[in-house]
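A.B. asks: First the structure, which I've put down as structure tokens, then a few questions once you've had a look.
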Amino acid sequence: MYALRKRWVAALGAAAGIIAALVALGVAELIAGLSRTWRSPIIDVGDRVIDNVPPYLKDFAIEKFGTNDKPALLIGIGATLVVYAAVLGAVAFVRRLRVGVIAIATFGVIGALAARSNRAGGSIDDAIPTVVGAAVGAGCLWLAHRVANPLLQQGPDGDARVDVDHAAESAPDPARGTRREFLVRTGGLLAAMAVVGAGAGAVGRAIRSRFSAAESRQNVSLPAARNALAPAPTDVSVGVEGVAPFVTPNADFYRIDTALTVPQVPTEGYELRVTGMVERELRLGFEDLLRRDVVEHDITLTCVSNTIGGELIGNARWTGVRLDELLAEAGLQPGATQVVGRSIDGYTCGFPIEAATDGRNALVAFGMNGEPLPLEHGFPVRLIVPGLYGYVSATKWLIEIELTTFDEFQQYWVPRGYADRAPIKLMSRIDSVDGLGTLTRTADGMAAIGGVAWAQTRGIRAVEVQLDDGPWQACELGAALNDDTWRQWAFRWTPTTTGRTSIRCRATDGDGVIQTDERSEPLPNGASGHHQIVVFVE
Ligand SMILES: Nc1nc2c(c(=O)[nH]1)N[C@H]1C(S)=C(S)[C@@H](COP(=O)(O)O)O[C@H]1N2
Ligand SMILES: [Mo]
């Protein structure tokens, strides 16, 4: 008698299921490595999750995991998959092989559908990695089942043997081997499959790296801007420790997008198209853009998902060409109301045509703080529009600018509950001390706090703070470079009491509007309200 106890059969089946899934994914990854447009089913499924989660869940994920929301999602998908594979393997071994094979096929169909409904418009061949992977995975489960068969309480057809008469079972046949030998054989096969699966995945990743745009980026040298700006003067800083630096280094710049893997868009073969309600369509290669009239501007970019006191904001010097000049060259048809920026990954932004034509420094940008755009920030080309939240304006990996109307087209986030017009709200933030942190006084008994305030296109005229129930008191401001960047602020005073103190701040924009105290969530058009914290004065 070879058969194992049911619980061990289930465990063996679970292991076989997980390893079959590993092989399926490894093979899919390997096949995906053959083509620039093919992807791992995990990424495709992840994309569909991202596209379909309700916005409040997305904001929750961003709040909870910040920029790690994507690894968190992938870990979640991976964990779900492990459980699914373990269950299907156990059922295949304990009950019926057929159930396990059907479950793997189902998994293949889900992957294939996810690949087909690619944002950028999937084609039928996008399903090839998943289909081949699932077929090989199913084959592995079948093989493992076959080799392990003597250990299972099943008939040779793979169906559970319902009324096994244990007593009637034949004694071990020494010619076929002992139970121990069957176990070793099955274990060896599973180990070999695990190695092959992991190896296929590793090879797939390695050969995919040839599609990287990193080398293309290294070969870019940015042209000098016509309006070459001097470095930001030192008085933009108020000199309070802990305040966000006026210029955000590229490596520290927040990153928000729906892309699970960073799109790799080399400059070779790159083309930007200007289409839709224009007199003549434009097609520009990367070099064509660099040869145009190049300008640079300091612009602060903000995410609509930024909560009060949040960090989804950064300020950079962007190099590029003016959007209004490109549009003038294309010639606008009357009636166009919306400018849509389309990314290579299918993501879209859209904003009112006035934001492109009212004279503000809206850019088709290829440089960020003197470097080519980093890959995560849209290399080779993106849009930057002062005064608009990123989701309506700042398309990364930009390949098309389409002129249309708001009736005609809804950008990515609009069917997901966000507003289709989203100017950045006046906001200020305390940076130098965290909520419930301690505020240490200097030797002369003074205390200092500081932060940033922003109202892109309107500028910041004043910032005030309120301590406990005291009066609003004016702050010092860092120099303003233009109305499109944030401004630092500082407040220095001699506290008369120690202990718990509540601090809040509010800004006044260039139009004289005072920041509202009325709180609103990021959804649908950006958070508002005062940043208020409690600190302990020492
Ligand atoms: N292709 C693409 N572009 C995109 C997005 C995206 O998901 N995909 N997200 C937008 C959002 S919501 C913001 S806030 C900015 C963020 O730009 P950053 O990651 O460079 O800071 O990019 C915008 N451009
Ligand atoms: Mo955003």
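The values are calculated or read from the model by the stated rules, or taken from the named source; none is laboratory data. Since the structure is predicted, the reported quantities are computational estimates derived from the model, not experimental observations. Note that each Cβ is placed from the backbone with ideal geometry, even for glycine, and that neighbours are counted across all protein chains shown.
A.B. asks: I'd like to check something: does region 426-437 contain any residue that is assigned to a strand (DSSP E or B), of a type in the set (G, A, S), within 28 Å of T508 (Cβ to Cβ) and touching a residue at least 60 places away in the same chain (Cβ under 8 Å)? Step through it out loud before you land on a result.
C.D. replies: Taking region 426-437 and keeping what is assigned to a strand (DSSP E or B), we get 427-430.
When the remaining residues are screened for being of a type in the set (G, A, S), the result is 428.
Subset that is within 28 Å of T508 (Cβ to Cβ): 428.
Among the residues that remain, those that are also touching a residue at least 60 places away in the same chain (Cβ under 8 Å) are: 428.
Looking for residues that are assigned to a strand (DSSP E or B), of a type in the set (G, A, S), within 28 Å of T508 (Cβ to Cβ) and touching a residue at least 60 places away in the same chain (Cβ under 8 Å), one finds at least one in region 426-437, hence yes.
A.B. asks: Exactly one condition in (1) surrounded by fewer than 16 Cβ atoms within 10 Å (Cβ to Cβ); (2) under 24 Å from P245 (Cα atoms) is not met by T405; state its number.
C.D. replies: Here T405 meets the rest and fails (2).
Here's the yes/no breakdown for (1) without any contact (Cβ under 8 Å) to a residue 60 or more places away in the chain; (2) surrounded by 21 or more Cβ atoms within 10 Å (Cβ to Cβ):
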residue	(1), (2)
L12	no, yes
G17	no, yes
T37	no, no
D44	no, yes
L57	yes, no
N68	yes, no
A72	yes, no
T80	yes, no
Y84	no, no
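A.B. asks: Could you say which residue among L363, L388 is within 15 Å of ligand 2 (Cβ to nearest atom) and either in the same structural domain as E521 (by TED's automatic domain parsing) or surrounded by 20 or more Cβ atoms within 10 Å (Cβ to Cβ) (or both)? Quick ask: steps written out before the conclusion?
C.D. replies: Details: L363 fails: within 15 Å of ligand 2 (Cβ to nearest atom).
Exactly one of L363, L388 is within 15 Å of ligand 2 (Cβ to nearest atom) and either in the same structural domain as E521 (by TED's automatic domain parsing) or surrounded by 20 or more Cβ atoms within 10 Å (Cβ to Cβ) (or both), namely L388.
A.B. asks: If you don't mind, there's one more thing I want to ask. Of the residues that make up region 244-256, is at least one away from ligand 2 (no atom under 16 Å from the Cβ), assigned by TED's automatic domain parsing to the domain that holds H377, free of Cβ contacts under 8 Å to residues at least 24 places away in the same chain and part of a loop (DSSP other than H, G, I, E, B)?
C.D. replies: yes
A.B. asks: Which residue pairs have Cβ atoms under 8 Å apart, sit 6 or more places apart or on different chains, and have a first residue in region 283-303 that is touching a residue at least 40 places away in the same chain (Cβ under 8 Å) and a second that is part of a helix (DSSP H, G or I) and within 16 Å of ligand 1 (Cβ to nearest atom)?
C.D. replies: L301/G390; T302/G390; C303/G390; C303/Y391
A.B. asks: Which one of these does E408 not meet: (1) outside any loop (DSSP other than H, G, I, E, B); (2) more than 16 Å from ligand 2 (Cβ to nearest atom)?
C.D. replies: (1)
A.B. asks: Now for a separate question. Got a sec? Which of G341, G314, G335 is of a type in the set (G, A, S) and either without any contact (Cβ under 8 Å) to a residue 12 or more places away in the chain or assigned to a loop (DSSP other than H, G, I, E, B) (or both)? Steps first, answer last, please.
C.D. replies: Values: G341 fails: either without any contact (Cβ under 8 Å) to a residue 12 or more places away in the chain or assigned to a loop (DSSP other than H, G, I, E, B) (or both); G314 fails: either without any contact (Cβ under 8 Å) to a residue 12 or more places away in the chain or assigned to a loop (DSSP other than H, G, I, E, B) (or both).
It is G335.
A.B. asks: When the residues of region 277-313 are filtered to those that are away from ligand 1 (no atom under 16 Å from the Cβ) and either among the β-branched types (V, I, T) or not assigned by TED's automatic domain parsing to the domain that holds V381 (or both), which remaining residue is nearest to N369 (Cα to Cα)? Let's see the steps before the verdict.
C.D. replies: Narrowing region 277-313 to residues away from ligand 1 (no atom under 16 Å from the Cβ): 277-296, 308-309.
Restricting the remaining residues to those that are either among the β-branched types (V, I, T) or not assigned by TED's automatic domain parsing to the domain that holds V381 (or both) gives 278, 294-295, 308.
Details: V278: 32, V294: 14, V295: 13, I308: 26 Å.
By that ranking, first place goes to V295.
Every residue, every condition in (1) within 16 Å of ligand 2 (Cβ to nearest atom); (2) closer than 30 Å to Y347 by Cα, yes or no:
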| residue | (1), (2) |
| --- | --- |
| E371 | no, yes |
| P374 | no, yes |
| V381 | no, yes |
| W397 | yes, yes |
| W413 | yes, yes |
| Y418 | yes, yes |
| M427 | yes, yes |
| G437 | no, no |
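A.B. asks: Taking the condition of being of a type in the set (D, E, K, R) and closer than 28 Å to D509 by Cα, how many residues in region 390-425 meet it?
C.D. replies: Quick first cut of region 390-425, residues of a type in the set (D, E, K, R) only: 396, 400, 402, 407-408, 416, 420-421, 425.
Keeping just the survivors that are closer than 28 Å to D509 by Cα gives 420-421, 425.
Residues meeting the conditions: 3.
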